[in-house]
Amino acid sequence: PTGNFGSKTEERFEVLKKYTEGGPLMCTEFWVGWFDHWGNGGHMRGNLEESTKDLDKMLEMGHVNIYMFEGGTNFGFMNGSNYYDELTPDVTSYDYDAVLTEAGDFTVKYEKYKEVIGKYTQLPQVTFSTDIKKKDYGALKVQEKVSLFRVLDDLSTPVSNTFPIPMEKLDQSYGYILYRSALEREQNLEKIRLWGANDRANIFVDQKPLITLYDRELLKEAEVKADFESGALLDILVENMGRVNFGPLMESQRKGIAGCVQLNGHMHYNWEMYTLPLNNLEKLDFSKGWKSGEPAFYRFRFQVEKGDACDTFLDFTGWGKGFAVLNGFNLGRFWEKGPQKRLYIPAPLLKEGENELILFESEGKTPETVSLEKEPLLE
C-alpha cells in the first residue's frame, strides 16, 4: 500500500502505517504543484518552502516518487479535464510548477530538492550533454486566410440525419463538429436549446454569430434574437474541449450533440453533420474567401536558418480561441482567458528553411499577427 499526497507528510504516513503492517512507507505521487485549467484565475504554483520540508520528512521516514518531476505539454487535442460542478479542461501546458519546466529547464525547486536528497544519498556528478537554447524569432504577419464555412466540403463529407448525431457515433474522437440545417419553417429565432450537448457551441444564422454556449449554459434554454428569410442556414460548431478523466462524469462523454436541437420551443429536424478532427489541414484552399467574424484559418510563414532551430513560444496575444499547427504538428489549444498565454514549440518541430504555421480561430478575434518569443508566459 502506498499513498498520494502533496503535504502533511507525517500525518499522511501515520494513516498509511495502518495498512502497511510494518512495511515501507511511500508517497507514490508527491504533488509538487498542480495543473492549470482554462480560466482558473492564474497559474498554479506550489509553496516551495513547505514542499521542501515535506520532501525532507518523506526521505527521513520512507520513500517518494515526485509528481511531476518534469512538466509536459498536452499537444493536439489531448488535454484532459475534471468535472465536479463545472467543466474544467486543462490548458495546453502541463508545466505543473514541476521540478523541471515544460521545456526541461532547471528551477529553484530543482536546486532545493537536490540539496534535500543529497542529505540521504550520495549524488553523482553528472555532465549534461544537451544545451537547451531558446530564441525570439519575432513577429509574424498573417499571409493567407480562409473562412471555415468556405472550406467545409474540402475538410469533411457531411452525414445527413433527422436528428443530430454525436461525434463518437460518427467515428470521431477529438476536435470539432459542425451541425447545419435550413430554417425553412421559422421566421425568427427567440429561443434555442441544445439537448445532450458537450462542450462548447458557437451558433450562427446565415454565417453570422448568434450566441456561444459553454458547459452549464448548454443545460438550459437560451434567449436569442435573429430575423431571417426562409431557407437561412443554422450552423452549430461544437468543440470537444477535452475528455473528463476523473470523477463521476467519466461515463458521460458524448461530444457534440447527442439529443436534439429545440428552436422556439419545438424540436428542429433534418441536419447535415461535418466531422472536423482537423487533422487534414493540407486540404485547405486559402483562395476560397474570408469574412470577418467567422471561424477561420490563418497561415503564417517564417524562415529558420541552418543550425538556428531553438525552442520558442507562440504568443497569441489578441487572438480569441482556437489551436495552432506548425509544419503539420498540432501544438495545442489557445484561449484568451488564460492563464496560459504562449504555446511551447520544441526546437525539433522547426525545420531548416521555410516553416508553416496555421492558426484556427473560432471567435472572430484576429489581430493579424503573432510572435515567437523565447520565454513562456503563464499568468
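The values are calculated or read from the model by the stated rules, or taken from the named source; none is laboratory data. Model, not experiment: these values are computed from the prediction. Neighbour counts run over all protein chains shown; Cβ positions are idealised from the backbone, glycine included. Accessible surface areas use protein heavy atoms only, side chains included; no ligands, DNA or RNA. Shrake-Rupley method; radii C 1.70, N 1.55, O 1.52, S 1.80 Å.
Each 10 Å bin, from zero up to the one with the longest distance, holds this percent of the alpha carbon pairs of the stretch 30-88: 17, 41, 28, 13, 0. Which value does Rg/Rh take for the stretch 256-379 over its C-alpha atoms, Rh per Kirkwood? Rg/Rh: 1.06. Listed cross-link partners LYS191/LYS291; LYS134/LYS306; LYS134/LYS365 are compared with a 22 Å cut-off, the Cα-Cα value being larger for LYS191/LYS291; LYS134/LYS365. Distance distribution P(r), the stretch 86-152, all Cα-Cα pairs, bin width 5 angstrom from 0: 3, 10, 11, 14, 13, 12, 11, 9, 6, 4, 3, 3, 1 percent.
A simple charge model with +1 on the Cβ of Lys and Arg, -1 on the Cβ of Asp and Glu and nothing else charged puts the dipole of the stretch 70-118 at about 200 debye relative to its Cα centre.
Ignoring chymotrypsin sites (Phe, Trp or Tyr not before Pro) that are buried or in helix or strand per DSSP, and keeping those with at most 13 other beta carbon atoms within 10 Å, what is the longest stretch of the chain between them?
Details: sites that count: TYR84, TYR120, PHE128, PHE246, TYR269.
That gives 129-245 as the longest site-free run.
Each principal axis of the stretch 162-311 carries a Cα extent, and these read 62, 42, 25 Å when sorted largest first. Here is the tail figure for the stretch 61-107: Cα pairs spaced more than 16 Å apart come to 51 percent of all pairs. Comparing ASP235, ASP206, ASP95 in a Gaussian network model of the chain, where Cα atoms under 10 Å apart are tied by springs, the biggest mean-square fluctuation is seen for ASP206.
Scale the Cα Rg of the stretch 75-231 by the rule-of-thumb value 2.2 N^0.38 Å and send over the ratio, two decimals. Intermediate results must be reported in sequence, preceding the final value.
On the way: Rg = 24.6 Å, N = 157, 2.2 N^0.38 = 15.0 Å.
Relative to the rule-of-thumb radius for its length, the stretch 75-231 sits at 1.64.
Charge tally for ASN188 (other residues, Cβ to Cβ under 9 Å; Lys, Arg +1; Asp, Glu -1): -2.
The ratio of the alpha-carbon radius of gyration of the stretch 52-163 to the globular-protein estimate 2.2 N^0.38 Å is 1.73. To make sure I understand the rule: partners must be lysines, Cα under 27 Å from the Cα of LYS119, and not fewer than 8 residues away in the same chain. Which ones qualify? Hits, sequence-local ones excluded: LYS8, LYS17, LYS53, LYS57, LYS109. Solvent-accessible area per residue in the chain equals 49 Å², computed with a 1.4 angstrom probe and all protein chains kept.
The stretch 6-46 and the stretch 262-318 have Cα centres lying 40 Å from one another.
Only protein atoms count toward the accessible area here, which uses a 1.4 Å probe; on the chain, the carbon and sulfur part of that area reaches 47 percent. Summary value for the stretch 258-342: 17 percent relative contact order, contacts being C-alpha pairs under 8 angstrom separated by 6+ residues.
Quick one: putting +1 on the C-beta of Lys and Arg, -1 on the C-beta of Asp and Glu, what dipole do you get for the chain around its Cα centre, in Debye to the nearest 20?
Numbers: 44 positive and 60 negative charges, 33 e Å.
My answer is approximately 160 debye.
When the Cα positions of TYR83, GLY41, ILE132 are compared along the charge dipole of the stretch 1-138, ILE132 comes out farthest toward the positive end, with charges on each C-beta of Lys, Arg, Asp and Glu. For the stretch 312-368, the spread of Cα coordinates along the three principal axes comes to 32, 20, 16 Å, biggest extent given first. For HIS43, the solvent-accessible surface computed with a 1.4 Å probe is close to 20 Å², ligands and nucleic acids excluded.
Around HIS268, what is the net charge, scoring Lys/Arg as +1 and Asp/Glu as -1 over all other residues with Cβ under 14 Å from its Cβ? Don't skip to the answer; put the middle values down first.
Details: positive: ARG180, ARG185, LYS191, ARG193; negative: GLU184, GLU186, GLU190, GLU221, ASP235, GLU272.
So the surrounding residues net to -2.
Over the stretch 133-197, the reciprocal of the mean inverse Cα-Cα separation, the Kirkwood hydrodynamic radius, stands at 16.4 Å.
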